[in-house]
Amino acid sequence: MECRKEGENFQKLVDIVERLRRECPWDRQQTNQSIKNNLIEEAYELLEAIEENDNEKMIEELGDVLLQVVFHSQIKKDENSFDINTVIENLIEKLIRRHPHVFGDTQVKTEEEVLDQWHKIKQKEKKSILDGIPKRMPALTRAVKVQNRAAKVGFEWENIDQVWKKVEEELQELKEAKTQEEKVHEIGDLLIAITNLARFMKIDPEEALHLSVDRMIKRFNYIEEKAKQMGKSLDDMSLQEMDDLWNEAKKMGY
């Protein structure tokens, strides 16, 4: 009975979106291109709800992400390209194909063996080991995925000392860069090297940067609050005054 209810609710959602596309002027005018950034925004809101372990927010944000999937599929249905059933059927086929230890006779015992099998099956489906990494993924996360894929076939530093040397090399090349184009190039190479260093240290560089930005915001908020208590605006404060308050906030654990 529970499965039937889930199926009925999902079909009701699909029917609602289909009706909105027919009868709502705004929904009718949307394209996959016009709403593509909404999916990214909703995904980040879901990520925040997960990090906060807020069940109510997760229910809402999972619904918003699901709406994006159904809406994009409905747009394609209206264009006679494909529909949500095609999406689901493709997903079902892929899940079964990539889990032969569940739906077939393959034997695996550990999580590592499952992941290794997954990557090997996935690789057979791609032309390059680097295929399938989204270009619009956050750059640090994308860099880690590229480096991890390359490492699986042996394109990897032997030890962390070699990685440190590469970071120092890229930093020196940035210092020596003359044109703006060269500086952009070398900044990118330095970030790649630092990402590799984080990977060797078992640190997620994306998460590390998020935490640093959070600390920056907290410390800057501290400066703003102190400025108000002093009857000043930030425009009236010198860099030295703000830096002193920054260090004060840092000592307080912000």
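Dividing the summed helix terms, -39500 (n - 2.57) for each DSSP H run of n ≥ 4, by the number of residues in the chain produces a 222 nm estimate of -24500 deg cm²/dmol to the nearest 500. The distance between label points at residue 233 and residue 87 comes to 4.8 nm (points 7 Å beyond Cα on the Cα→Cβ vector).
Extension gain for residue 162 to residue 117 (0.36 nm times residue separation, less C-alpha to C-alpha distance): 13.2 nm.
Per residue, the average separation of C-alpha pairs within less than 8 Å and at least 6 apart gives the chain a relative contact order of 9 percent. Three semi-axes describe the equivalent ellipsoid of region 2-82; taken as square roots of 5 times the Cα gyration tensor eigenvalues and ordered largest first, they are 24, 18, 10 Å. Over the chain, the Kirkwood radius and the radius of gyration, each from Cα atoms, give a ratio Rg/Rh of 1.05. Relative to its residue count, region 140-254 spans a Cα convex hull of 149 Å³ per residue.
Taking each residue as 0.36 nm, the span from residue 204 to residue 174 lengthens on full extension beyond its C-alpha to C-alpha distance by 8.4 nm. Based on Cα contacts under 8 Å between residues 6+ apart, region 1-72 shows a relative contact order of 29 percent. Normalised by the number of residues in region 61-192, the mean separation of alpha-carbon contacts (under 8 Å, six or more apart) gives a relative contact order of 10 percent. Computed from backbone phi with θ = phi - 60° and the Karplus coefficients 6.51, -1.76 and 1.60, the 3J(HN,Hα) list for region 184-194 is 4, 4, 6, 4, x, 5, 5, 5, 4, 5, 5 Hz; x is used for glycine and proline.
Taking other C-beta atoms within 10 Å as the exposure proxy, 144, 70 rank 70, 144 from fewest upward. For region 2-82, the dipole from Cβ point charges (+1 on Lys and Arg, -1 on Asp and Glu) about the Cα centre works out to 700 debye, to the nearest 20. Rounded to whole numbers, the Karplus 3J(HN,Hα) couplings from phi for region 118-132 are 4, 5, 5, 5, 4, 4, 5, 8, 10, 7, 10, 5, 9, 5, x Hz, using 6.51 cos²θ - 1.76 cosθ + 1.60 with θ = phi - 60°, and x at Gly and Pro.
In plain terms, the residue of 54, 161 with the fewest other Cβ atoms within 10 Å comes first and the most crowded comes last, giving 161, 54. Computed about its Cα centre, the charge dipole of the chain is approximately 820 debye, with only Lys, Arg, Asp and Glu carrying charge at their Cβ.
By the count of other C-beta atoms within 10 Å, a proxy for reagent exposure, 102, 108 are ordered fewest to most as 102, 108. For region 207-251, the equivalent ellipsoid derived from the Cα gyration tensor has semi-axes of 21, 10, 9 Å, listed largest first.
Applying D = kT/(6 pi eta Rh) to region 157-203, where Rh is the Kirkwood radius over alpha-carbon pairs, T corresponds to 10 °C and eta to 1.306 mPa s, the Stokes-Einstein value obtained is 147 µm²/s. Between the listed residues 72, 144, 197, the Cα displaced farthest toward the positive end of the dipole of the chain, a dipole computed from Cβ unit charges relative to the Cα centre, is found at 72.
Dipole magnitude for region 157-203: computed about the Cα centre from +1 point charges on Lys and Arg Cβ and -1 point charges on Asp and Glu Cβ, it is near 240 debye.
None of the figures in this text is laboratory data; all of them are computed from the coordinates on show. Remember, it's a predicted structure, so these values are computed and weren't measured experimentally. So basically every Cβ, Gly included, is an ideal-geometry build from the backbone, and we count neighbours across all protein chains shown.
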